[in-house]
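Here is the structure we will look at.
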């Protein structure tokens, strides 16, 4: 780098040492320093903060690509350590792989299977890196998909082909006072892409001729099918998309529909299943119920739903028809404000809200996979309640349509702001649409270095860590359009995905955040 201004701790390290290069130190090596004993567990994971320290934003990528990121110690025996202490190697792992080799195995495009197998034989390897290597092996044996499964976040784990397909509306059903279902199929009768239970599509809608497009995500709420898709839409008084669909799209109407996408999907296995929803949040879990019923699943299935009253209770009859197909299926419905003509024991099971007492009454299993969808406040309350019951966090799967959960390491918490247009939105340049957040803004080359920076200017919820194409925490779905990278990522994302931290639009793009 041609710099001579470095000081001890420049890279954010705890120990600055002489010797022990990354191409010689192996995972599992043990060292005595002073009176403490350490074990090497993994390469250092670089984030944007090292770029701040170095006044070089590319530093995370430079360190990782150089093969000299540094490494982490696990403390085996506590003790005193001081400057000038000798570093004595006192042990090593049976399987010898250097820090540089392990680093390259995850971050470079070459994920050799024999190397992955060797790495997994190292007992000292940290759990996080072990999980990444297991994911890489699994992706090679179960599918030919592209991308880096060891780094891909769960939200981007099921990439889809970008673009929109024109589908024709064949059926319209009124599911409740404020919920409308539209069934669509390909106009020429061709098969549609297979859908995983719980996935959604994005609709591109132009409410006014010649006006801007709006993009809305809708869960596929019907049974598994390659002949038709069904979406169910909540109609709200100020809802642009819902109002347009109700008033301007009839039988035979044509809609622009994306490929199915999303990672909120029914997991295989034999554990009990809890389908927990409120209001229109029933749509993705209803698709899961359809799949379970179609397969005559022997799993314990508990349908828990909250609605205002019978008029605002979509799919009630449909759920009742599906439950008998499940040998161990049960349903429990709460109405928060039942009407005088709503019948307890027939339309609903209890007045009030879903709560811990309800969960205990129905015998919700702490070992269940819980699939949760509904209004934000409802989901926050349910997650907290499930945690107090002892349901493990990783067993609670959630779907969030108005943006995802943010990951902004090291950033001081600030009041949440609703997504909005940037303060100085241009009137030229490619349009960047953040589909889940409902924001479309012009790309301004002089203002933003990446799509991530534009998203931040709009207060769109984002995930990131390195900001230079290394960690893939920002990997997201590319619904339509094309992008270019600057700088190029160390390993490309999956086809149909993009890294927003180092990408720029080449034309109008729609991104699944």
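Taking residue 246, is it touching a helix residue (DSSP H, G or I) at 6+ places or on another chain (Cβ under 9 Å), modelled with pLDDT of 95 or more and surrounded by fewer than 21 Cβ atoms within 10 Å (Cβ to Cβ)? Taking the combined requirement at face value, the residue does not satisfy it.
Table: residues versus (1) modelled with pLDDT of 95 or more; (2) more than 30 Å from residue 489 (Cα to Cα); (3) under 36 Å from the mean Cα position of the chain (by Cα).
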site	(1), (2), (3)
24	yes, no, no
31	yes, yes, no
38	yes, yes, yes
67	no, no, yes
76	yes, yes, yes
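Quick check, is residue 478 in contact with a strand residue (DSSP E or B) (Cβ under 9 Å, 6 or more places away or on another chain), part of a helix (DSSP H, G or I) and in contact (Cβ under 8 Å) with a residue 40 or more places away in the chain? No. Residue check: residue 433 meets all listed conditions (1) crowded, with 17+ Cβ neighbours inside 10 Å; (2) over 24 Å from residue 467 (Cβ atoms); (3) modelled with pLDDT of 95 or more; (4) under 20 Å from the mean Cα position of the chain (by Cα) but one, namely (2).
For residue 63, the criteria (1) buried (at least 20 other Cβ atoms within 10 Å of the Cβ); (2) closer than 13 Å to residue 124 by Cα hold in every case but one, which is (2).
Residue 105 meets the stated requirement of being surrounded by 13 or more Cβ atoms within 10 Å (Cβ to Cβ), over 22 Å from residue 464 (Cβ atoms) and touching a helix residue (DSSP H, G or I) at 6+ places or on another chain (Cβ under 6 Å). Looking at residue 195, is it crowded, with 19+ Cβ neighbours inside 10 Å, modelled with pLDDT of 95 or more, in contact with a strand residue (DSSP E or B) (Cβ under 6 Å, 6 or more places away or on another chain) and part of a loop (DSSP other than H, G, I, E, B)? Against the criterion (crowded, with 19+ Cβ neighbours inside 10 Å, modelled with pLDDT of 95 or more, in contact with a strand residue (DSSP E or B) (Cβ under 6 Å, 6 or more places away or on another chain) and part of a loop (DSSP other than H, G, I, E, B)), residue 195 qualifies.
Taking the conditions (1) in a loop (DSSP other than H, G, I, E, B); (2) modelled with pLDDT of 95 or more; (3) touching a helix residue (DSSP H, G or I) at 6+ places or on another chain (Cβ under 9 Å) in turn, residue 423 satisfies each one other than (2). Note on the range 278-366: enclosed helices (runs of 4 or more DSSP H) holding 2 or more residues that are under 21 Å from residue 181 (Cα atoms) are 282-294, 316-322.
The values are calculated or read from the model by the stated rules, or taken from the named source; none is laboratory data. Quick caveat, the model's predicted, so the values are computed rather than measured. Here Cβ is always computed from backbone atoms with ideal geometry, including for glycine, and neighbour counts include all displayed protein chains.
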